[in-house]
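Chemist: Mind having a look at this structure? Questions to follow.
The values are calculated or read from the model by the stated rules, or taken from the named source; none is laboratory data. Computed from a predicted structure; not experimentally measured. Please note: Cβ atoms are built from the backbone with ideal geometry, for glycine as well, and neighbour counts cover all protein chains shown.
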Amino acid sequence: MKELMKPQTTLRMIDVYNLAIGNMEKSVHLLAEAKKQMLLAFGDYRDQIFESSHCRFDYYFDDPERLIKNSRAVILKGAWKAVTDKIELRKLMTSRKYKEMMEEIEAGKLPEFTLENIYTIIRQFAGDMPRLLNESLIETFDYLRPRRSMHKTNSEYQIGKKVIKTYVMTSYIGVSHYHDQDIISLHNTFSLLDGKGPAKENDTLTSINHAYREKKTSCETEYFKFKWYGNGNLHIEFKRMDLVKELNRIGGASMLKKETVQA
């Protein structure tokens with residue numbers, strides 16, 4: 001986890017966060033006061049601060065406290081997203097868990113941006129790491145067994161030599177942002193199975209997108225061969241079938257456990 005973030009880096013982020021909040025509040029109050037004075041001196045519709053193309057921003061300063069509250073929320077979201085990037089939680093979390101956390105950030109459910117709160121969250125994830133990594137393996141196993149697939153290559157029961165995933169690629173950036181975390185988890189899972197632990201560098205997503213921008217239709221990484229088509233399909237061929245076999249074993253055991261519990 002990036003050495004659980006260096007203290008000086010964390011403190012610097014908190015300082016910048018607090019500075020941004022302070023400067024934002026001062027600016028809002030100053031602009032609101034400017035509008036108030038202009039209204040008194042020039043009359044209605046003569047208190048515009050921004051140019052006509054951005055005149056809608058003027059209305060926000062009619063209620064400065066509401067604007068401050070909303071702006072604080074935006075800055076707080078950005079700060080927490082930066083922390084999750086710094087400690088590289090995406091490499092440890094399943095796609096579902098990562099999306100849930102992003103939804104919590106967007107909904108403003110995370111606490112104030114303080115040193116204590118940052119390290120509380122880091123300790124929670126550090127203590128929960130074994131479970132998170134196991135969940136990541138199981139989720140990747142499920143991801144590589146598409147349900148009700150029309151492609152004969154795919155199987156709902158175990159992963160074969162090749163898998164076809166639909167609607168992964170877009171026409172403008174490469175991998176759809178919706179599938180970013182799936183590709184990150186895919187690479188991380190095979191790194192774990194290979195005995196290397198969580199991947200320090202996730203070159204799979206980067207390699208696909210780079211090749212796509214270079215107008216290529218395929219690329220190859222340490223564990224995979226990828227090929228994509230105009231219909232958005234991504235073909236994934238596995239280079240290490242020994243790792244696929246192990247993933248099938250772990251995933252199969254998980255399936256059996258679920259069936260036993262349900263029975």
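Chemist: Can you spot a residue in the range 166-179 that is within 19 Å of the chain's Cα centre (by Cα), farther than 27 Å from Lys77 by Cα and assigned to a helix (DSSP H, G or I)?
Modeler: Within the range 166-179, not a single residue is within 19 Å of the chain's Cα centre (by Cα), farther than 27 Å from Lys77 by Cα and assigned to a helix (DSSP H, G or I).
Chemist: I'd like to know if the range 157-178 contains one or more residues that are closer than 25 Å to Glu88 by Cα, crowded, with 21+ Cβ neighbours inside 10 Å and among the hydroxyl-bearing types (Ser, Thr, Tyr).
Modeler: No, the range 157-178 contains no residue that is closer than 25 Å to Glu88 by Cα, crowded, with 21+ Cβ neighbours inside 10 Å and among the hydroxyl-bearing types (Ser, Thr, Tyr).
Chemist: If you don't mind, another one. Counting just the residues of the range 124-158 that are part of a loop (DSSP other than H, G, I, E, B) and among the hydrophobic types (A, V, I, L, M, F, W, C), which one comes out nearest to the chain's Cα centre (by Cα)?
Modeler: Once the filter is applied, the top-ranked residue is Leu144.
Chemist: Next up: For the range 211-255, which positions are assigned to a helix (DSSP H, G or I) and either free of Cβ contacts under 8 Å to residues at least 60 places away in the same chain or not assigned by TED's automatic domain parsing to the domain that holds Val163 (or both)? Steps first, please.
Modeler: To start, the set of residues in the range 211-255 that are assigned to a helix (DSSP H, G or I) comprises 211-213, 241-255.
Passing the criteria: Ala211, Tyr212, Arg213, Asp242, Leu243, Lys245, Glu246, Arg249, Ala253, Met255.
Chemist: Oh, and also: Taking into account only those residues within the range 195-244 that are acidic (Asp, Glu) and under 24 Å from the mean Cα position of the chain (by Cα), which is surrounded by the fewest Cβ atoms within 10 Å (Cβ to Cβ)?
Modeler: So the residue we want is Glu201.
Chemist: What about Leu110, is it assigned by TED's automatic domain parsing to the domain that holds Leu11 and in contact (Cβ under 8 Å) with a residue 24 or more places away in the chain?
Modeler: yes
Chemist: Please determine, by comparing only the residues of the range 2-21 that are at pLDDT below 90 and of a type in the set (Ser, Thr, Tyr), which one is nearest to Arg72 (Cα to Cα).
Modeler: Only one residue fits best here, namely Thr10.
Chemist: Among the residues of the range 110-127 satisfying the criterion of being within 17 Å of Arg90 (Cα to Cα) and exposed (fewer than 14 other Cβ atoms within 10 Å of the Cβ), which is modelled with the lowest pLDDT?
Modeler: Across the range 110-127, the extreme among qualifying residues is Gly127.
Chemist: If you check Thr84 against the conditions, is it touching a residue at least 24 places away in the same chain (Cβ under 8 Å), of a type in the set (S, T, N, Q) and either out of contact with any His (no Cβ under 9 Å at 6 or more places or on another chain) or over 30 Å from Lys36 (Cβ atoms) (or both)?
Modeler: The answer is no for Thr84.
Chemist: Still on this structure, I have one more. May I ask you to verify whether Ile68 is modelled with pLDDT of 90 or more and over 16 Å from the mean Cα position of the chain (by Cα)? Show your work before the answer.
Modeler: Numbers: modelled with pLDDT of 90 or more: yes; over 16 Å from the mean Cα position of the chain (by Cα): yes.
Spelling it out, Ile68 is indeed modelled with pLDDT of 90 or more and over 16 Å from the mean Cα position of the chain (by Cα).
Chemist: Would it be correct to say that Thr189 is among the polar types (S, T, N, Q), outside the structural domain of Leu89 (by TED's automatic domain parsing) and over 20 Å from the mean Cα position of the chain (by Cα)?
Modeler: So Thr189 fails the test.
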